[in-house]
Amino acid sequence: PVVHTRFVWPHGGKRVFLSGSFTRWSEHLPMSPVEGCPTVFQAICSLPPGIYQYKFNVDGQWRHDEGQPTITGEYGVVNTLYLTREFDHINTVLSPTTPGSRMDVDNDSFQRMGSLSDGALQEGSPRISESAIQISRCRVAEYLNAHTGYDLLPDSGKVIALDINLPVKQSFHILHEQGIPVAPLWDSFRGQFVGLLSPLDFILILRELETHGSNLTEEQLETHTISAWKEAKRQTYGRNDGQLRSNQHLVHATPYESLRGIAMKILETGISTVPIIYSSSTDGSFPQLLHLASLSGILKCICRYFKNSTGSLPILNQPVCSIPLGTWVPKIGEPNGHPLAMLRPNTSLSSALNLLVQAGVSSIPIVDDNDSLIDTYSRSDITALAKDKVYTHIRLDEMTIHQALQLGQDANSPFGLFNGQRCQMCLRSDPLLKVMERLANPGVRRVFIVEAGSKRVEGVISLSDIFKLLLS
């Protein structure tokens, strides 16, 4: 039997050749630039299982790839490769995947993996090569640069904006009733979109109400406007929501901007949403709000484009445990390990909101006493307190996470405590494509990696983690 093996030189050059023990070091095999990645060269060889040494001739100079295993031998420092019969760089076998619409991972693969040792799997899975990551980055960048904000626009739909002179209380109810977490803010005097109202605003407002000596009383919520709150927030928390001030501009995108440019704006500013605004005037007057762009929408485009050609994106078929990605629960004795933020069902809502703000994350897993995943609490869940004006007659430190989640659920929901759409799980053995497809679902910002069988939380992969990997 032979193994079809891709050799990759990712460090540029004009003419690159491959030579090794499989050519008796006498034949130089020409390598070809990868389409769309002119600095990455590849050659495919059919080799029987065994141990091989190889080296690259780049523009007349012998080189080895420092990112791959090496050994010093008769020909100096050379790269080494160990091939087994099952190992195939080109055709990686994927486990069956089914788009997750429930909280649980797919039962078939979940049970199938239950007998495997997760520790052995993690240690035994080779880390993906830097060249495979670079090829994937090049191709994703090529796609994102070739497509624009227009590709994110739905065929139909509506985008809700709020006037900055609306009372905070009324805007709170509008977001809850419309089922949206974020809304752009419109200044009718200036004729411009000037900011965003997000769940973080409501979290900070409720914390203000709980604080002794707060400058914002419950009665003032009836008349306290969004613009007044934003200015108070800037002074109290030092957060410069300067979009509301005349010398600042709202972070936004035009429909002509590339998807890569839009994704970079979201990553660099740390916001979850960028409004796509069109104006036919050179001075930006009479703006039209077309869409709210998010990383999940851009990721959905990437998945749709590459799903049927995963071979052109080597990283998609790799198990997530072999990729430098996400935040993982530190192993016992691991130096500099930081524990993963988790909540218990009986944790107070006040503690949960404080943790969301301090950790700077969009959601936190809710686990039982064995650290097994049972649900998640997100920033956007705070709008459920607008239902029947619950926030006016509860204390945050007296309501539990369990009770808070029940407020936002349909009484006829078959999932009980679980929220089926938001809480997505995968195994460490699942391919990256599966994690990406789940993160591409609206409202899902984090996927929790769990242990097979016990559902014990082992790690978290977020939307920003994916894009930092692909756009680095």
Task: Set 382, 449, 366, 466: member being open to solvent by less than 20 Å² (accessible area, probe 1.4 Å) and at pLDDT below 90 - done: 382
Task: Criterion violated by residue 329 - all others in (1) surrounded by 16 or more Cβ atoms within 10 Å (Cβ to Cβ); (2) out of contact with any helix residue (DSSP H, G or I) (no Cβ under 8 Å at 6 or more places or on another chain); (3) modelled with pLDDT of 90 or more satisfied - done: (3)
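For residues that are among the polar types (S, T, N, Q) and loosely packed, with under 15 Cβ neighbours inside 10 Å, scanning just segment 143-169, find the one that is nearest to residue 228 (Cα to Cα). Talk me through it step by step, then tell me what you get.
Applying the first criterion (among the polar types (S, T, N, Q)) to segment 143-169 yields 145, 148, 156, 165.
Okay, now just the ones that are also loosely packed, with under 15 Cβ neighbours inside 10 Å, so 145, 156, 165.
On the way: 145: 39, 156: 34, 165: 8 Å.
Across segment 143-169, the extreme among qualifying residues is 165.
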Open item on the list: Go through segment 280-295 and report how many residues are open to solvent by 10 Å² or more (accessible area, probe 1.4 Å), in contact (Cβ under 8 Å) with a residue 12 or more places away in the chain and assigned to a strand (DSSP E or B).
Closed with: 4
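Let me confirm something: among 69, 33, 10, 48, which residue is surrounded by fewer than 18 Cβ atoms within 10 Å (Cβ to Cβ), at pLDDT 80 or above and under 18 Å from residue 130 (Cα atoms)?
On the way: 69 fails: at pLDDT 80 or above; 10 fails: surrounded by fewer than 18 Cβ atoms within 10 Å (Cβ to Cβ); 48 fails: under 18 Å from residue 130 (Cα atoms).
It is 33.
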Task: Among residues of segment 144-187, those that are assigned to a helix (DSSP H, G or I) and over 21 Å from residue 299 (Cα atoms), counted - done: 11
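Identify the residue in segment 296-324 that is assigned to a loop (DSSP other than H, G, I, E, B) and open to solvent by 10 Å² or more (accessible area, probe 1.4 Å) and, among all such residues, is nearest to residue 464 (Cα to Cα). Give the derivation first.
Just the residues of segment 296-324 that are assigned to a loop (DSSP other than H, G, I, E, B), to begin with: 313, 318, 323-324.
Right, trim to open to solvent by 10 Å² or more (accessible area, probe 1.4 Å) and you get 318, 324.
Numbers: 318: 19, 324: 13 Å.
Among those residues, the one meeting the criterion is 324.
Using the structure shown, decide if residue 136 is surrounded by 15 or more Cβ atoms within 10 Å (Cβ to Cβ), assigned to a helix (DSSP H, G or I), at pLDDT 80 or above and within 22 Å of the chain's Cα centre (by Cα).
yes
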Task: Cβ pairs under 9 Å, 6+ apart, first in segment 385-404 and farther than 16 Å from residue 354 by Cβ and modelled with pLDDT of 85 or more, second hydrophobic (A, V, I, L, M, F, W, C) and open to solvent by less than 10 Å² (accessible area, probe 1.4 Å) - done: 402/366; 403/349
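Look at residue 17 and say whether it is part of a strand (DSSP E or B) and surrounded by 15 or more Cβ atoms within 10 Å (Cβ to Cβ). First the steps, then the outcome.
Numbers: part of a strand (DSSP E or B): yes; surrounded by 15 or more Cβ atoms within 10 Å (Cβ to Cβ): yes.
For residue 17, the condition - part of a strand (DSSP E or B) and surrounded by 15 or more Cβ atoms within 10 Å (Cβ to Cβ) - is met.
Given the criterion modelled with pLDDT of 85 or more, under 18 Å from residue 272 (Cβ atoms) and among the charged types (D, E, K, R), identify the matching residue among 241, 201.
Working: 241 fails: modelled with pLDDT of 85 or more.
Among 241, 201, only 201 is modelled with pLDDT of 85 or more, under 18 Å from residue 272 (Cβ atoms) and among the charged types (D, E, K, R).
The values are calculated or read from the model by the stated rules, or taken from the named source; none is laboratory data. Keep in mind it's a predicted model, so treat the numbers as computed, not measured. Ideal geometry is used to build each Cβ from the backbone, glycine not excepted, and the neighbour counts take in all protein chains shown. What goes into the accessible areas is simple: the full protein's heavy atoms, side chains included, and nothing from ligands, DNA or RNA. Shrake-Rupley method; radii C 1.70, N 1.55, O 1.52, S 1.80 Å.
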